[in-house]
Amino acid sequence: MEILNVILLLFIVACALAVAVTKNTLSAVIIFMAQGLVLSVVWILLRSPDLAITEAAVGAGVSSILLFAALKKIHAIDAKEEKEDGR
């Protein structure tokens, strides 16, 4: 069980560092979602299911949807797809 705690902690720190250094906002949102899901697992391991549900719903769910909607609104997602298509 101790090894799992260390692995989860390292994953959370790695996600935080990856979000800090990435320049692609879409990648940062996806990494942020993964970090939120792992944080909800950590809250379950700490025997706090109410915080785990809140983290999964708000941290990984609602926040990610809002960030994707904002990226779509500013055309950050469409611009990348057009560059890949060669337009």
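Quick notes on this one:
- Enumeration of residues in the stretch 19-34 that are in a helix (DSSP H, G or I) and either among the hydrophobic types (A, V, I, L, M, F, W, C) or surrounded by 14 or more Cβ atoms within 10 Å (Cβ to Cβ) (or both): 19, 20, 21, 25, 26, 28, 29, 30, 31, 32, 33, 34
- Options 12, 77; residue that is in a helix (DSSP H, G or I) and either loosely packed, with under 12 Cβ neighbours inside 10 Å or modelled with pLDDT under 85 (or both): 77
- Of the residues making up the stretch 35-56, those that are without any contact (Cβ under 8 Å) to a residue 12 or more places away in the chain and either surrounded by 12 or more Cβ atoms within 10 Å (Cβ to Cβ) or at positive phi (or both) are 44, 47, 48, 51, 54.
- Conditions (1) at positive phi; (2) in contact (Cβ under 8 Å) with a residue 12 or more places away in the chain: number failed by residue 63: (1)
- Only one of 72, 83 that is in a helix (DSSP H, G or I), modelled with pLDDT under 85 and exposed (fewer than 11 other Cβ atoms within 10 Å of the Cβ): 83
- Long-range neighbours under 6 Å by Cβ, at least six apart or interchain, first residue over 13 Å from residue 67 (Cα atoms) within the stretch 21-32, second in a helix (DSSP H, G or I): 22/28
The values are calculated or read from the model by the stated rules, or taken from the named source; none is laboratory data. Everything quoted here is computed from the prediction, not taken from an experiment. Neighbour counts run over all protein chains shown; Cβ positions are idealised from the backbone, glycine included.
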